[in-house]
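Here's the structure, in structure tokens; my notes come after.
The values are calculated or read from the model by the stated rules, or taken from the named source; none is laboratory data. Keep in mind that this is a model prediction, so the values were computed, not measured. Here the Cβ positions follow ideal geometry from the backbone for every residue, glycine too, while neighbour counts run over all protein chains shown. Protein only, heavy atoms only, side chains kept; ligands, DNA and RNA dropped before computing areas. Shrake-Rupley method; radii C 1.70, N 1.55, O 1.52, S 1.80 Å.
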Amino acid sequence: MEWSPRPGGVLLVETARKAGLDTAISGALAPWRKARAVHDPGKILLDVALAVALGGDCLADAGMLRAEPAVFGPVASDPTVSRLIDTLAASGPKALNAIRTARAEVRERVWKLAKDSSPDATGQVIVYLDGVLVLAHSDKQDAAATWKKSFGHHPLMGFVDHGSGDTGEPVAALLRPGTRAATPPSITSKPPDSPWPSCRRSTGVDAGR
């Protein structure tokens, strides 16, 4: 049986649309749209995120969305996706800050709509930090032997606590080599500056969960 991303994909697409994430990302990346370009950079980046959420692990997995145009709309070709990622990477902090600002605005809007159910309803946001091993099946940048005797990366993830009845909300990821420790003191003593602009409220930090 051929696998289709349609059921979960519809939920993700509609969530992004209702939250305004699609228009926010498109607006943030408008400066990187070339004249006469067919595909919107924001839509391309959102498609990559959707592909990852649906189980993809490389840029080429955006092809699964291309197979469902009724759900995901027009999806850029693999070379177009790769060129955009290269362009954004070359822009460095400028592109990263634009994306983070858009995410922060959308998160703030969604939390306001959630009212008493939002994670900041008490005036405090609790962020849990935890290292997550990501295996690499070939030699890649910063891939290394991990403390579990595997090979790959060890990013530090930040999750906003939604209470005992809900799952955590991922808000940040700090890319790190596989050799890094799970919770180094320099990270857990205070929220690091770079990963946290996507969460605008004051935070309390708990290493591990």
All lysines inside 25 Å of Lys18 as judged from Cα atoms, apart from same-chain residues fewer than 8 positions distant: Lys43, Lys112, Lys115
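Name the chymotrypsin sites (Phe, Trp or Tyr not before Pro) in segment 1-110 that are in a loop by DSSP and that have at most 13 other C-beta atoms within 10 Å, would you? Working shown, then result.
On the way: sites: Trp3, Trp32, Phe72; in loops: Trp3.
Of the chymotrypsin sites (Phe, Trp or Tyr not before Pro), the ones in loops of segment 1-110 whose Cβ has at most 13 other Cβ atoms within 10 Å are Trp3.
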Students often forget the sequence filter, so: which lysines lie under 30 Å Cα-Cα from Lys148 once same-chain residues fewer than 8 apart are removed? Lys140, Lys190
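Which of the chymotrypsin sites (Phe, Trp or Tyr not before Pro) found in segment 118-172 are in a DSSP loop and have at most 15 neighbouring Cβ atoms, other than their own, within 10 Å? Intermediate values should be presented prior to the final figure.
Working: sites: Tyr128, Trp147, Phe151, Phe159; in loops: Trp147.
Qualifying residues, ordered by number: Trp147.
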Expressed per residue, the solvent accessible area of segment 70-164 in Å² (1.4 Å probe) is about 59
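Just by accessible area at a 1.4 angstrom probe, what is the order of Arg17, Arg100 from largest to smallest?
Numbers: Arg17 120, Arg100 45 Å².
Output order, biggest surface exposure first: Arg17, Arg100.
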Give me the extension gain from Ala67 to Asp139: residue separation times 0.36 nm, minus the current Cα-Cα distance, reported in nm with one decimal. 22.9 nm
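Loop only by DSSP, 13 or fewer other Cβ within 10 Å of the Cβ. Give me the trypsin sites (Lys or Arg not before Pro) in segment 111-143 that pass, ordered by residue number. Intermediate values should be presented prior to the final figure.
On the way: sites: Lys112, Lys115, Lys140; in loops: Lys140.
Here the sparse-neighbourhood loop sites are Lys140.
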Mind giving me the nanometre distance, one decimal, between the label points for Ser164 and Ser82, set 7 Å out from Cα along Cα→Cβ? 5.1
